[in-house]
Structures are given as C-alpha cells and as structure tokens.
Amino acid sequence: MYDIKVTKATELRPKPDDESKLGFGKLFSDHMLLIDYDEGLGWHDARVVPFGNLSLHPASNVLHYSQEIFEGAKCYRTAKGFNLFRIRDNFERMNRSAERMGMAQIPVELCMESLFKLLEQDKEWTPHRESTSLYIRPTMIATEAVLGVSASKSYLYYVLLSPSGAYYASGLAPVGIYVEDQLVRAVRGGVGNAKTGGNYAASILAGAKAKHNGYAQVLWLDGVEQRYVEEVGSMNMMFVYENRKIVTPALNGSILPGITRDSVFKLAAGMGYDVEEKRVDINDVMADARSGKLTEAFGTGTAAVVSPVNKIAYQGEEVHIGDDGIGAVTQKLYDTLTGIQFGTVADPYGWITQL
Ligand code: COI
C-alpha cells in the first residue's frame with residue numbers, strides 16, 4: 001500500500017452535456033495525479049491534486065532533450081460500473097520505454113494504486129455515449145534543470161484523464177492511407193519501440209503531407225530499405241487475406257508493441273483465423289490489393305481501437321481494398337474487442353479490471 005495524498009478540487013467543473021461533441025483529448029477531469037522522483041530518494045509524494053498547470057524550470061531536460069515517455073489506456077463505462085483493459089500491460093510497457101530512454105523505473109503497483117486513487121475521484125467523468133471512454137494518459141518527464149546531455153536525476157510522473165470520443169473524426173468509417181517513401185518514423189536500434197514523444201514529433205510533417213494529398217494517415221516503411229511496412233499513423237497495421245488470414249508486421253525494434261495489436265491478434269487466433277507476424281513488403285501489399293487477394297486492412301491502437309483502411313497510395317498509384325466499406329473480419333474483431341472492453345462480451349483472457 002502506497003501513501004497517496006488526495007487534495008480535492010474545491011470547485012468541480014460541469015461535465016460535458018453533449019457527448020457527441022467530445023472529440024479526442026480536448027477536455028480534462030477535475031483532478032490529476034503527480035508523483036516525484038529524485039535520485040537517492042526514489043519515488044515520493046504521490047498525490048491526487050486539482051487539475052492545473054505544471055510549473056517547470058525552463059532548463060528541464062524534457063524541454064531540451066525530450067526524455068519523455070507516455071502511455072494510453074481507457075476506462076469504459078459498463079452496465080455494472082467501470083472497466084479498465086490490460087492496464088498492467090500499459091505500466092509494464094512504460095517501464096520498458098523508461099529503460100530505453102534511460103529514465104527511472106516506476107513500480108507497476110504504484111502506478112496501479114495511484115491510478116485507482118485518481119479514478120476514485122474522477123471516474124464519473126467517464127462518458128456514457130456508445131464508443132466513448134475516459135482516456136488515461138500516464139506520462140513521465142525528466143525534470144532535472146541542467147543543459148548537459150545526460151540522464152536526468154529527477155522525474156515527474158503524472159496522469160491525466162480525458163473524456164473522449166472517437167480518435168478519428170470519421171469514427172469507424174474507412175480511411176485512405178499514404179505510404180511515405182522519403183521520411184522515416186524510426187530506425188532499428190533507435191527508439192521506435194518505446195512510447196516516447198519524439199516518435200510522434202517525427203511523424204507530424206509526413207502526416208501533414210498525407211492530409212495535403214487527401215489521405216487520413218501515413219503508412220511508415222522501415223528506415224533501412226524503405227520497403228517493409230512498419231506502422232500507420234499512431235497505430236499498428238493488419239492485413240486480411242482472402243477473408244481468413246491476418247498478417248501484421250513482426251516486431252523488429254522500430255515498431256511499437258501495441259497492446260491493441262496483441263489483443264486483436266489473440267482474438268483473431270481464438271476465432272480460428274490464420275495469423276502471422278512477418279516482414280510485409282509494400283510491393284506485395286500493392287500487388288495483393290490489385291489482384292483482390294488482400295480483402296481488408298485496418299489499423300489498431302488504444303485511441304483509434306480498430307480503424308479500417310480502404311485505399312493505399314504508394315508512388316503515384318492508389319489501390320482500393322475490398323469493397324471500400326468496413327470488412328466483415330474488421331467489424332467482427334472491432335465488435336469483440338469493444339464488447340470485452342465494455343463488458344458485453346465475456347473476457348476469456350482476463351484482460352479486464354473492474355473498478
Ligand atoms: C494511443 O493511445 O493509442 C496512442 O498511441 C496515442 C495516440 C493518441 C498518439
């Protein structure tokens with residue numbers, strides 16, 4: 001049991017009355033969680049406090065050298081209360097990211113207990129409308145105020161809660177993706193498999209280029225040969241062949257090991273689909289889309305859940321996948337995954353923590 005202090009907000013803000021207009025990550029709950037780390041002292045002063053701005057020294061390491069990691073998870077409103085999905089996996093991944101970024105490890109139990117304490121205050125911020133949730137954003141930043149490049153001796157861990165709707169404005173409607181063949185997101189040996197802000201910063205220019213060309217997302221190729229599929233936007237990528245085989249790029253060090261990726265893969269295998277993780281050549285994807293062998297494609301992520309892709313543009317050619325709608329396999333995986341999350345489908349894998 002950790003000692004976690006609670007200071008309640010004196011004024012509670014009104015909850016959004018029109019949940020159809022939530023968007024993603026724009027509103028925040030009444031409280032946030034903060035925990036400090038100092039070398040020699042370890043993690044200390046865990047506290048739930050009223051939501052507000054942080055005060056940082058302008059030389060803080062995170063502001064100059066980006067020693068930063070984060071996670072994304074969700075709290076779902078169910079008929080019986082509230083569900084968290086594979087939350088321990090988020091905190092375990094956070095520690096793997098911390099290791100890669102030379103940051104302090106944080107005990108998973110401290111993350112769990114302190115999140116429960118924060119949710120005790122603010123779980124009612126979880127929206128009610130279908131497909132909405134309370135997005136949970138655990139973050140760790142390096143706070144040592146020194147301009148030399150080295151591992152920070154102090155960190156701040158904090159958690160924000162944001163009542164959110166669909167990540168993409170289009171919701172579950174299929175989107176077109178643009179294969180980026182100049183810029184790369186990550187290289188092997190780099191930090192592509194850590195959930196660190198820099199990977200997302202590296203994606204912004206290409207994302208704008210894709211949008212400019214009329215596509216919703218960027219499909220990233222590997223940083224060495226620029227030939228093998230890595231990720232799409234902020235999601236992992238899956239390809240469905242002849243309605244029965246599901247292929248996803250194998251984790252290679254530069255791909256984020258998505259928790260939704262892993263969940264969808266396990267669900268698909270359990271449903272009897274053939275599943276395979278392997279290197280996926282973009283030229284094969286294009287050829288298989290042209291021939292019709294590629295019947296569906298979709299991205300997976302905590303924020304985006306399962307997001308169908310209906311067209312891919314690569315080197316001046318655009319191919320369409322399936323009949324341009326939401327494929328049956330994509331829909332089935334979406335329904336099963338969200339059914340488990342919202343407590344309407346049994347959870348044979350033990351993924352749910354009920355609050
Ligand atoms: C996720 O939570 O799925 C993410 O990857 C964060 C995303 C909004 C950048």
Legend entry - strands (runs of 3 or more DSSP E) wholly inside region 1-84 that include at least 3 residues being surrounded by fewer than 18 Cβ atoms within 10 Å (Cβ to Cβ) and among the small types (Gly, Ala, Ser): none
Inset, instruction - Please specify each residue of region 23-55 satisfying the condition of being touching a Lys or Arg at 6+ places or on another chain (Cβ under 8 Å) and within 16 Å of the ligand (Cβ to nearest atom). - result: GLY25
Legend entry - Candidate set from region 315-351 (those that are charged (D, E, K, R) and at pLDDT 95 or above); member that is surrounded by the fewest Cβ atoms within 10 Å (Cβ to Cβ): GLU317
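So, LEU251, is that one assigned by TED's automatic domain parsing to the domain that holds ALA268, part of a helix (DSSP H, G or I) and over 18 Å from ALA304 (Cα atoms) or not? Spell out the reasoning first.
On the way: assigned by TED's automatic domain parsing to the domain that holds ALA268: yes; part of a helix (DSSP H, G or I): no; over 18 Å from ALA304 (Cα atoms): yes.
No, not satisfied.
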Legend entry - Pairs with Cβ under 6 Å, 6+ apart, first in region 60-89 and away from the ligand (no atom under 13 Å from the Cβ), second assigned to a helix (DSSP H, G or I) and open to solvent by 30 Å² or more (accessible area, probe 1.4 Å): SER66/GLY198; PHE82/LYS123
Inset, instruction - Can you confirm whether region 26-34 contains a residue that is farther than 28 Å from PHE342 by Cβ and of a type outside the set (Val, Ile, Thr)? - result: yes
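Every residue, every condition in (1) over 16 Å from ALA250 (Cβ atoms); (2) surrounded by fewer than 21 Cβ atoms within 10 Å (Cβ to Cβ), yes or no:
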residue	(1), (2)
GLY270	yes, yes
VAL275	no, yes
ASN283	yes, yes
MET286	yes, yes
ARG290	yes, yes
LYS293	yes, yes
PHE298	yes, no
GLY301	yes, no
VAL306	yes, no
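The values are calculated or read from the model by the stated rules, or taken from the named source; none is laboratory data. Source: prediction; values computed, not measured. Cβ: placed from backbone, ideal geometry, glycine included. Neighbour counts: every protein chain shown. With ligands, DNA and RNA removed, areas are computed over all heavy atoms of the protein, side chains included. Shrake-Rupley method; radii C 1.70, N 1.55, O 1.52, S 1.80 Å.
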